[in-house]
1. If a residue must be buried (at least 21 other Cβ atoms within 10 Å of the Cβ) and charged (D, E, K, R), how many such residues does the range 77-94 contain?
2. Taking the criterion of being closer than 24 Å to Ile231 by Cα, out of contact with any strand residue (DSSP E or B) (no Cβ under 9 Å at 6 or more places or on another chain), surrounded by 20 or more Cβ atoms within 10 Å (Cβ to Cβ) and touching a residue at least 60 places away in the same chain (Cβ under 8 Å), would at least one residue in the range 27-40 satisfy it?
3. What are the residues in the range 141-159 that are under 28 Å from Gln110 (Cα atoms) and in contact with a helix residue (DSSP H, G or I) (Cβ under 7 Å, 6 or more places away or on another chain), if any?
4. Return yes or no: is Leu130 under 28 Å from Arg192 (Cα atoms) and in the same structural domain as Cys247 (by TED's automatic domain parsing)?
5. Give the number of residues within the range 121-144 that are under 16 Å from the mean Cα position of the chain (by Cα) and of a type in the set (D, E, K, R).
6. Condition test on Gly162, is it surrounded by fewer than 16 Cβ atoms within 10 Å (Cβ to Cβ) and either in contact with a Gly (Cβ under 6 Å, 6 or more places away or on another chain) or outside the structural domain of Gly127 (by TED's automatic domain parsing) (or both)?
7. Give, as residue ranges, the helices (runs of 4 or more DSSP H) completely inside the range 44-155 that count at least 3 residues that are among the β-branched types (Val, Ile, Thr).
8. Among the listed residues Leu202, Leu165, identify the single one that is assigned to a strand (DSSP E or B), among the aliphatic types (A, V, I, L, M) and more than 17 Å from the chain's Cα centre (by Cα).
Amino acid sequence: MAKRIEFIALYLLTQFFRYMPFFIVYTVSWCAYILVFYFIGYRKKVVYENLRNAFPEMSKPGLKKIAKRFYHNFCDVLAETLKGVFMSERSLKKRFLVLNPELVDNFYYQNKSVIAMGAHYGNSEWGKILGMQLKHPLIVIYSPFSNKYINQYYNRCRTKFGMQLVNVSKTFRVFTELRNKPHGYIMGVDQRPFDQKSAYWLSFLNQDTPCHKGYEQLARKFNIPVVYSDIQRVKKGYYTVNYILLCKDPSGTEEGEIVRRFMQTLEKIIYRKPEDWLWSHKRWKYQRPNACPSGVIDAG
């Protein structure tokens, strides 16, 4: 019953945002920012701890400035996500624009699949329009919501422009079944991996960090090129995507090399504009094991 109530509340909220003009959307977002930052203090301790570790030489006023911008952008993205549920193809194409689709499309013309890596940076939810901007049939590898009603609702919304969603538990099977058909696989892996002991560890944002390695293993096994999807906010309600080539021939790389390239690329982007990354996530909950497993790497 509780999960049905959660779904109904979300549904009504998305309907509310559906007819709301954007200037009202951002007014609501600003009010939410004031409430979340100054009164609720959502995960403030985690945010400030992460920022202090990532920017050890920065002053308290400097850290607070980034934190305030983060919370403001965080509320903007939440509001945009609710607004985006019913946005039209035309509106999304105008507001979420791929700058260099040819980098990915060239692999399609070569009859090759591609893995597009992403991070919790900017507004990735509007990326559902990518299926109308790229040549590859797109498959998003995702972790489902615990609420099955919300999961079904968002899945319908996310696939309305041609994308296909695949549960992360079925990733290897899908790659195997489609190995001879060019597809674009969208994966986001900047969060903490479940298995800390077998993860790759490297220096990221000035801290020992466990990293997912599954996408690299898939890329090397099936020799699928890997790109990074650099999503940048141009202004309120407008984003661009610039694809950065991480690896053209994964079969010729050493173990851990693609992971390192991805994490180093993400780190540069975060340092350049830190407020758009998800600082409220408990990324560094665990310490590097004393006896590091085989395959551990360090960022050089």
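The values are calculated or read from the model by the stated rules, or taken from the named source; none is laboratory data. Note that this is a predicted model, so its numbers are computed, not measured. For neighbour counting, all protein chains shown are included, and Cβ atoms are generated from backbone atoms with ideal geometry for every residue, glycine included.
1. Counting residues in the range 77-94 that are buried (at least 21 other Cβ atoms within 10 Å of the Cβ) and charged (D, E, K, R) gives 2.
2. no
3. Within the range 141-159, Ile141, Tyr142, Arg158 qualify.
4. yes
5. Going through the range 121-144 one residue at a time, the tally reaches 2.
6. Values: surrounded by fewer than 16 Cβ atoms within 10 Å (Cβ to Cβ): yes; either in contact with a Gly (Cβ under 6 Å, 6 or more places away or on another chain) or outside the structural domain of Gly127 (by TED's automatic domain parsing) (or both): yes.
Yes: the conditions hold for Gly162.
7. On the way: elements: 44-54, 60-84, 89-95, 101-109.
It comes to 60-84.
8. Working: Leu165 fails: more than 17 Å from the chain's Cα centre (by Cα).
Among Leu202, Leu165, only Leu202 is assigned to a strand (DSSP E or B), among the aliphatic types (A, V, I, L, M) and more than 17 Å from the chain's Cα centre (by Cα).
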